């Protein structure tokens, strides 16, 4: 398959993924899982789902290393997207419309693009007859946009996750306009501090003695 054909197929799959309305608060996860299952078959990857809740599943698409005993690599992404306000869109938000070389739709940045990049990178590596030195899992989880209580948080408690034998994880990051992507190894987090001060209270402009 030529590079142009691979690019066209990647764009086609990306548009198809955007068109699946996995929008909170009522995401169509069933259609997304069906799409990912077909994608796995197309690429020759193992496919399975892990039940997280009554109507929540994570999808795992696996490229097995033929001989590796090393810990696996996990490429994580989430399936759901945030709500839309259609009056602010110049195209229907789930159309995946291509205009002036740009693809429009909810999820193009956060983060259906990344899930497609994982799988299309595997397609190219398979086409080049590359054999991975470690097993690679592509993980697609639900409910990240609403906190992950019924998604990643639940998954981490299950034996099925431990069985993936993960040694290294890549998650979503910043977009790139080229084929070169930066890897970020840290992120900001909250630190909550409680301070108790004894003394007189009041505004600093009042020049209170021994103010707290």
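Points worth noting:
- Close pairs (9 angstrom Cβ cut-off, 6 or more residues apart or separate chains): within 11 Å of residue 45 (Cβ to Cβ) in the range 116-129, part of a loop (DSSP other than H, G, I, E, B) and at pLDDT below 95 anywhere: 123/1
- Lone qualifier among 115, 148, 96 - being in contact with a helix residue (DSSP H, G or I) (Cβ under 6 Å, 6 or more places away or on another chain), modelled with pLDDT of 95 or more, closer than 23 Å to residue 26 by Cβ and not in a strand (DSSP E or B): 96
- Among the residues of the range 21-32, those that are surrounded by 12 or more Cβ atoms within 10 Å (Cβ to Cβ) and in contact (Cβ under 8 Å) with a residue 40 or more places away in the chain comprise 21, 22, 23, 24, 27, 29, 32.
- Residue in the range 107-116 that is loosely packed, with under 14 Cβ neighbours inside 10 Å and out of contact with any strand residue (DSSP E or B) (no Cβ under 6 Å at 6 or more places or on another chain) present: yes
- The range 151-165, subset within 15 Å of the chain's Cα centre (by Cα) and part of a helix (DSSP H, G or I), residue surrounded by the fewest Cβ atoms within 10 Å (Cβ to Cβ): 153
- Of all the residues in the range 2-30, those that are out of contact with any helix residue (DSSP H, G or I) (no Cβ under 6 Å at 6 or more places or on another chain) and not in a helix (DSSP H, G or I) number 8.
- Restricting the range 169-205 to residues that are surrounded by 10 or more Cβ atoms within 10 Å (Cβ to Cβ) and within 20 Å of residue 119 (Cβ to Cβ), the residue that is modelled with the lowest pLDDT is 175.
- Residue within the range 122-138 that is touching a strand residue (DSSP E or B) at 6+ places or on another chain (Cβ under 9 Å), under 18 Å from residue 29 (Cβ atoms) and either surrounded by fewer than 20 Cβ atoms within 10 Å (Cβ to Cβ) or modelled with pLDDT of 95 or more (or both) present: yes
- Residue in the range 6-13 that is surrounded by 15 or more Cβ atoms within 10 Å (Cβ to Cβ) and farther than 19 Å from residue 179 by Cβ present: no
The values are calculated or read from the model by the stated rules, or taken from the named source; none is laboratory data. Just so you know, these numbers come straight off a predicted model, no measurement behind them. Every residue, glycine as well, gets a Cβ built from its backbone with ideal geometry; the counts of neighbours run over all protein chains shown.
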